[in-house]
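No value in this document is a laboratory result; all are computed from the given coordinates. Please read these numbers as outputs of a predicted model, since none were measured by experiment. Cβ sites come from the backbone with ideal geometry, for glycine too, and all protein chains shown count toward neighbours.
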Amino acid sequence: MKNQTTNHDVKETKIITAPLEMSPAVLNSGGLIPAGFGNFLFPGVSNPLATFFPFGIKVKQWVKPNISRDHIIRVTVGLRPHRPSGFVVRSESLGSKTLVHNYGHGGSGWSLSWGTASLVADEVQKTSAKKIAVMGSGINGLTTARLLQRYGYEVVIYTKDMPPNVTSNFAGAGWSPTATLVDEGKYTPEFKKLLTKTARISHRFFQDFIGIERYGVEYQEGYAADDAPPVAHGADYIGSDIEDLVGETEDMAEGTTPFQYKHVTKHWSMRYQVPRYLAAMQDDFRIAGGMVITKEFKRPEDIDALPEMVVVNCMGLGTKEVFNDPELMPIRGQLTHLIPQPELTYRFGVASAGLNFNPRGDALSCGGSTIPNIWDSTPDPHEVDRVIDGLISNVETRFKLS
Ligand SMILES: Cc1cc2nc3c(=O)[nH]c(=O)nc-3n(C[C@H](O)[C@H](O)[C@H](O)COP(=O)(O)OP(=O)(O)OC[C@H]3O[C@@H](n4cnc5c(N)ncnc54)[C@H](O)[C@@H]3O)c2cc1C
C-alpha cells in the first residue's frame, strides 16, 4: 500500500525539564530547551524547571494524519437507536413476568451505559428475583448484565448477535451523553433531570476503568476547527447541567496549533477503545458465571418461554420489531476506518463540513455522518469519497504540517 501523506513530524519527545504548556517556539524546537535557558529565566538557579517538574514530561509534537484511500481497511455502518423524547428505562408487567426496558440511547449509548444500567438495577431490586434475563448483547446489554452481576444476581443473556455484530461495535466512540439523543422541543424537563442523573452516574463508573489496559477507557485531546464560529447552545440545551463532565474547552490562539482555521478549540474527553472494551466486558460477564444463549425474539410472547421471571430489554433498535415503539427510529452513521496510526494522539473535526478523524487502537476512524430514518446499513461509497477527499483536502490545505 502506498502512503500518499508521508513525512510525519516527530512523535512525542521525552524531556526532563519542561512545563506542560510550552510556547510555540519551544514546541517547534522539538521540545528541547536550549542549554542555559533555565539560567536565563532564573539566574543563579542551575536547573529551576527541574525543581518544579522533577519528572520526565512528554511534550506534544504535531503528527500529520495519514489520510489516504489506500489506507482504508474497512467501512462500517451503524444505526443509532434514536427516540426524539429520549431513552426508555421503565418496568411493566408481561403476564406473570416483570419486563424492564432499557433502549433508545441514540448516539449516546456508550456514554450513558452505566447510568441506564443503574436505573435498571433500581427497577430489578423492587422484585424478589435472583435470576435475571437480559435480551441483547450490545453495550447496554453487557453493561446491564455486568452491573446486575456485581449486585449478586445470576444473569443470562439471550441475544440474536454478539459483538462484533452489534451496533455498539460500529460507534466512534467517546463521551457524548447528548449526541443524537433527543430532538429539540420533544423532551420534558423531567427527562433532562433524568439524563443529568444518568450521565453523572455513568461518568463516575467509567472513572474506575481508566488506566486498566484491557478496557481501553482513556482521555484524549481533541480539536474542533472551523471558519464558522462554534454554534452556541440554546437556553434549554439538554446537556446544560452536565457540561462540566465534558471538560473545559480552550480557545487556541493563532500559531499555537498547526490548524489554519478562524476558530480552533481544544478539549480533553473520555474515549473508548471499542473492540477491546467489548471483549473485556464479555470476558468479565463469563468469568462471573454469566451464560449467553443465542435466541431471536420476534414478539412479546417469545419472552413467556424464558424461565427467568424478570427480563430486561436491551435490544436497541431491535425493540422496534418486538415491542413496536412508534418513536424508535434509526440514525445512520458510517465510519471509514484506516490503518491505525499509533503516533497520532489527537482527534480532529470540522463540524460545519461533517468531517472528523479519531485515532484508535484498531483504526484511524474517519466519519461524521448522521442521517435519520434510513434502515439500510450497506456502506455508501459516495460517503467514503466525501469523508476521505474532504479530510485529505483539509489536511493538505489547512494543516501547517509537512
Ligand atoms: C457511527 C456511530 C457513532 C457513535 N458514536 C458514539 C459515541 O461517540 N459515543 C456514544 O456514547 N455512543 C455512540 N454511538 C451510539 C451507540 O453506539 C449506541 O447508542 C449503542 O450502540 C446502542 O447500544 P445498545 O446496546 O442499546 O444496542 P445494540 O448495540 O444495537 O445492541 C442490541 C443487541 O440486541 C440484540 N437484538 C436486537 N434485536 C434482537 C432480537 N429481535 N432478538 C434478540 N436479540 C436482539 C442484538 O443482537 C444486540 O446484541 C454511535 C453510534 C454510531 C452508529
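Worth pointing out:
- Projecting the Cα atoms of Leu147, His337, Trp175 onto the charge dipole of the chain, computed from C-beta unit charges around the Cα centre, puts Leu147 farthest toward the positive end.
- Once you reduce region 118-190 and region 276-312 to the center of their Cα atoms, the two points are 11 Å from each other.
- Relative to the dominant Cα principal axis of the chain, helix 189-207 is inclined by about 60°.
- Prolate/oblate/rounded call for region 65-115, Cα gyration tensor, a/c under 1.5 rounded: prolate
- Three-way shape label, region 338-383, alpha-carbon gyration tensor, a/c 1.5: oblate
- Length available on full extension from Arg286 to Thr188: 0.36 nm per residue minus the Cα-Cα distance, which gives 31.4 nm.
- Label positions at Asn165 and Asp380, each projected 7 Å from the Cα along the C-beta direction, are separated by 2.6 nm.
- Helix content alone sets the calculated 222 nm mean residue ellipticity of the chain: runs of n ≥ 4 DSSP H residues at -39500 (n - 2.57) each, divided across all residues, give -7500 deg cm²/dmol.
- Residue-wise HN-Hα coupling along region 289-296, computed from phi with Karplus coefficients 6.51, -1.76, 1.60 (Hz; x: Gly, Pro): x, x, 10, 10, 10, 6, 7, 10
- Region 69-398 - percent relative contact order, Cα under 8 Å, separation 6 or more: 27 percent
- Region 259-402: C-alpha gyration tensor shape, a/c 1.5 cut-off, then a/b vs b/c: prolate
- For the chain, share of DSSP beta bridges that run antiparallel, in % to the nearest 5: 70 percent
- ³J(HN,Hα) computed for each position of region 259-268 - Karplus, 6.51 cos²θ - 1.76 cosθ + 1.60, integer Hz, glycine/proline x: 8, 9, 10, 5, 10, 9, 10, 10, 8, 9
- Here the alpha carbons of the chain define both size measures, Rg and Dmax, at 23.5, 83 Å.
- Alpha-carbon centroids, region 317-349 and region 226-273: separation in whole Å: 21 Å
- Local charge for Met329 was computed over the other residues whose Cβ lies under 14 Å away, with Lys and Arg +1 and Asp and Glu -1, and equals 0.
- Angle in degrees between helix 381-398 and the longest Cα principal axis of the chain, rounded to the nearest 10: 20 degrees
- The chain: most fluctuating residue of Gly152, Gly239, Gly115 per GNM, C-alpha cutoff 10 Å: Gly152
- Built from the Cα atoms of region 105-255, the convex hull projects on average onto 11.7 nm², one quarter of its surface area.
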